[in-house]
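Everything below concerns the one structure shown next.
The values are calculated or read from the model by the stated rules, or taken from the named source; none is laboratory data. Keep in mind the model is a prediction, meaning the values are calculated, not measured. Cβ sites come from the backbone with ideal geometry, for glycine too, and all protein chains shown count toward neighbours. With ligands, DNA and RNA removed, areas are computed over all heavy atoms of the protein, side chains included. Shrake-Rupley method; radii C 1.70, N 1.55, O 1.52, S 1.80 Å.
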Protein chains: 2
Amino acid sequence: MRGIVAFYLTYMLCLILGIICVALVVHWNYSYRGGFAWDSSAKHFNWHPVFMVTGMVVLYGNAAIVYRIPLTWGHNKLPWKLLHAGLLLFSFILSVIGLCAVFDYHNANHISNLYSLHSWVGICTTALFTAQWVMGFTAFLLPCTPMSARAFMKPTHVWMGGIILVLSIVSCISGINEKLFFALKGNTNGTLPYSALPPEAITANSLGVIIVAFGLVVLKILSSQIWQRPEPGYEVGVYQPLGYDGS
Amino acid sequence: MRGIVAFYLTYMLCLILGIICVALVVHWNYSYRGGFAWDSSAKHFNWHPVFMVTGMVVLYGNAAIVYRIPLTWGHNKLPWKLLHAGLLLFSFILSVIGLCAVFDYHNANHISNLYSLHSWVGICTTALFTAQWVMGFTAFLLPCTPMSARAFMKPTHVWMGGIILVLSIVSCISGINEKLFFALKGNTNGTLPYSALPPEAITANSLGVIIVAFGLVVLKILSSQIWQRPEPGYEVGVYQPLGYDGS
């Protein structure tokens, strides 16, 4: 019982930090970077951090911990599998839109793509996420996949899930840091440089810190043995194929 | 037996990646950034990446997995505890020298300290590492600490150990990315900007990728249940106080 109370307190913290992440990344780009548009201007780029943080961090993190919610235990696992896969698909779509935003902006403005370390890590993260989703769907939702393959795949799937979140956080922090150095150069009009920590720098740095905190809370939930979904017998619930009624 | 062969192959990979990390960070700063000095010039700053990557990533990662090496199993745990604590103390000292390098360079050149997101995450990582080492020493090496406190502390100590490595990697990637944007601006003398991916950019980006790969291998070793040190009975070996002879 104490474990369940502790879980829900941690889960609440996760939800609150996730909401703050989304609010802060929107606030930063809306209030300080000029807002949003899909017109190849700087406003076009602003969708990039919003979609990546919302998709690859907040939605991804929440989707990863669906099975840890005690409310979902003791029921047929299939609806929760579909929710897990569906939220991750939505997270993937948001990430792809976020990538389109930066590629479109770069291409329209003759800026090179994929040269920074941020972009190298980021594109590898998205590629791993794609592979993870396809392998997860194939292994755990296709009815034809044998149980032995599911059992073999599960530890790798869980481990990769955590690693992709870590890489997303690495990408976000390096990206926010890079953007602030680009944007806050200071000039003769009295605009303060990044080094003077103007309000925009405090806002975006705080976003970075909250992203890290959110990630750590999700990793804590994922790694705690006592918060694992209890599986009956030979984990029938885990490996049941799509269409299996759970009985 | 298969588990042990797989461990040593993974451990070899970890050692090789660690050596490449140190070689690449030295090569980058020696061959492209002008080398090293402790004279408040740009060469003074160059110690920062070298000491942080060597201390907070490579040495830290190797120290974290000492107990996973099967060669150390079945013996008195105390020498390995002292090796674990000693390597981490050395790693901490290197990190402090690395921090001194950047603070000294900034102060001598009237550059602000601790304004970038990289520096915020980095300084929090070092603070957590300090707290972790002090708590680890107090809990697991001081003879007066009761067994119950050791048992209570161990999961947190192990989890925090992994998280500090994750934060170190976040700090390194954002720092390398930042440094390359500072250093590779391109100019009329024909120097190529970061966006043209000159050899220095390829070298330092590759360093970043190898750091991430090293971190993932260490996290894999830490998280694998089959590679945990087997503890007899009520894990006497884990919680034995300093001076306990293991019998």
### Task
State whether the residues of the range A:127-136 include one that is closer than 30 Å to B:Ile111 by Cβ, more than 13 Å from the chain's Cα centre (by Cα) and away from chain B (no Cβ under 14 Å).
no
### Query
How many residues, within the range A:34-76, are more than 25 Å from A:Asn205 (Cβ to Cβ) and assigned to a helix (DSSP H, G or I)?
8
### Query
So, of the residues in the range B:222-247 that are within 19 Å of B:Gly74 (Cβ to Cβ), modelled with pLDDT of 50 or more and part of a helix (DSSP H, G or I), which turns out to be farthest from the other protein chains (Cβ to nearest Cβ)?
B:Trp227
### Message
Quick test of your reading of the structure: A:Leu71 fulfils all but one of (1) farther than 22 Å from A:Ile20 by Cα; (2) buried (at least 20 other Cβ atoms within 10 Å of the Cβ); (3) hydrophobic (A, V, I, L, M, F, W, C). Name the failing condition by number.
### Response
(2)
### Query
When B:Ile111 is evaluated against the numbered criteria (1) facing chain A (nearest Cβ under 10 Å); (2) surrounded by fewer than 19 Cβ atoms within 10 Å (Cβ to Cβ); (3) assigned to a helix (DSSP H, G or I), which criterion, by number, is the only one it fails?
(3)
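So that you can scan it fast, the table gives a plain yes or no per residue for (1) under 15 Å from the mean Cα position of the chain (by Cα); (2) more than 19 Å from A:Thr54 (Cβ to Cβ); (3) surrounded by fewer than 18 Cβ atoms within 10 Å (Cβ to Cβ):
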position	(1), (2), (3)
A:His118	no, no, no
A:Phe140	no, yes, no
A:Pro146	no, yes, yes
A:Lys154	no, yes, yes
A:His157	no, yes, yes
A:Leu165	yes, no, no
A:Pro193	no, yes, yes
A:Ala196	no, yes, yes
### Message
Of all residues being free of Cβ contacts under 8 Å to residues at least 12 places away in the same chain and of a type outside the set (Gly, Ala, Ser) in the range B:124-178, which is nearest to A:Lys220 (Cα to Cα)? Just the residue, please.
### Response
B:Trp159
#### Entry: Unmet criterion (only one of (1) in contact (Cβ under 8 Å) with a residue 12 or more places away in the chain; (2) open to solvent by 60 Å² or more (accessible area, probe 1.4 Å); (3) within 22 Å of B:Asn177 (Cα to Cα)) for B:His44
(2)
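Here is a check on your reading of the model: is A:Ser148 among the small types (Gly, Ala, Ser) and within 13 Å of another protein chain (Cβ to nearest Cβ)? Give the derivation first.
Values: among the small types (Gly, Ala, Ser): yes; within 13 Å of another protein chain (Cβ to nearest Cβ): no.
Answer is no for this residue.
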### Message
I'd like to check something: does the range A:163-181 contain any residue that is part of a helix (DSSP H, G or I), over 21 Å from A:Val212 (Cα atoms) and facing chain B (nearest Cβ under 10 Å)?
### Response
no
### Task
Scan the range A:95-106 and give yes if some residue there is closer than 19 Å to A:Ser40 by Cα, β-branched (Val, Ile, Thr), in a helix (DSSP H, G or I) and touching a helix residue (DSSP H, G or I) at 6+ places or on another chain (Cβ under 7 Å), otherwise no.
yes
